[in-house]
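Quick note: the coordinates plus some simple rules give every number you see, no bench work behind them. Only a predicted model underlies this, so the values are computations on that prediction, with no experimental measurement involved. Every residue, glycine as well, gets a Cβ built from its backbone with ideal geometry; the counts of neighbours run over all protein chains shown.
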Amino acid sequence: MSRRNWKTWRPASLQEAVEGCVKFAQENDRSSVERIGDLVGESKWTIYKWIESGSIPAKKIAGFELACGRCYITEYLATSARKLVIDMPTGRLPLGSDIHALQESCTAAIGALLRFAEGKADAADTADHLTAAMTRLAHERAQVERHAQPELPLS
């Protein structure tokens, strides 16, 4: 079974976003549902209920995402409201790998758009590729704007 590419994966529903947060924590931090529950201040059964039903109290979202290490719920809520979400820029210079990932994302988006125009791809998949490319471009644009006053690397 191949591992999911968490940098480009986007949830299609709130339930998928909650489940994605937990799976990310399990794959990358080796966190169990019980450990996530302890960090959030809930029982593991409550976390399982959130995964099953796809509902989570709004006041628990930030803590849950912090415990899991990803913000898929916040990203899903913003994108479902037709908003573009980017990571907060720090003003650092881009690495070669950043530029390569940006190029890869743009190429995938153009390819998806061409397949959609030919009737070989569905609209949801095409929109996901375009959103991923726009997000990466917007983030790099914000990094360039903040370059004159970068943040201190405290972590």
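So what is the relative contact order for the chain, in percent, with contacts set as C-alpha pairs under 8 Å and at least six apart?
23 percent
How many percent of Cα pairs in region 19-155 exceed 28 Å?
Roughly 35 percent, rounded to a whole number.
If the cut-off is 25 Å between C-alpha atoms, which lysines fall inside it for K44, apart from same-chain ones fewer than 8 positions away?
Partners within reach: K23, K59, K60.
To the nearest 0.05, what FRET efficiency results for Q149 and A108 with a Förster distance of 30 Å applied to their C-beta separation?
0.40
Quick one: dipole size for region 96-146, taken about the Cα centre, charges +1 on Lys/Arg Cβ and -1 on Asp/Glu Cβ, in debye to the nearest 20.
Around 100 debye, computed over region 96-146.
For region 96-146, what class follows from the C-alpha gyration tensor (a ≥ b ≥ c being the square roots of its eigenvalues): rounded when a/c is under 1.5, otherwise prolate if a/b is larger than b/c, else oblate?
Judged from the Cα gyration tensor, region 96-146 comes out prolate (a/c at least 1.5, a/b above b/c).
Please identify the cysteines of the chain that lack any partner cysteine with a Cβ under 4.7 Å from their own Cβ.
C71, C106
Mind giving me the nanometre distance, one decimal, between the label points for L95 and K83, set 7 Å out from Cα along Cα→Cβ?
The answer from the label model is 2.9 nm.
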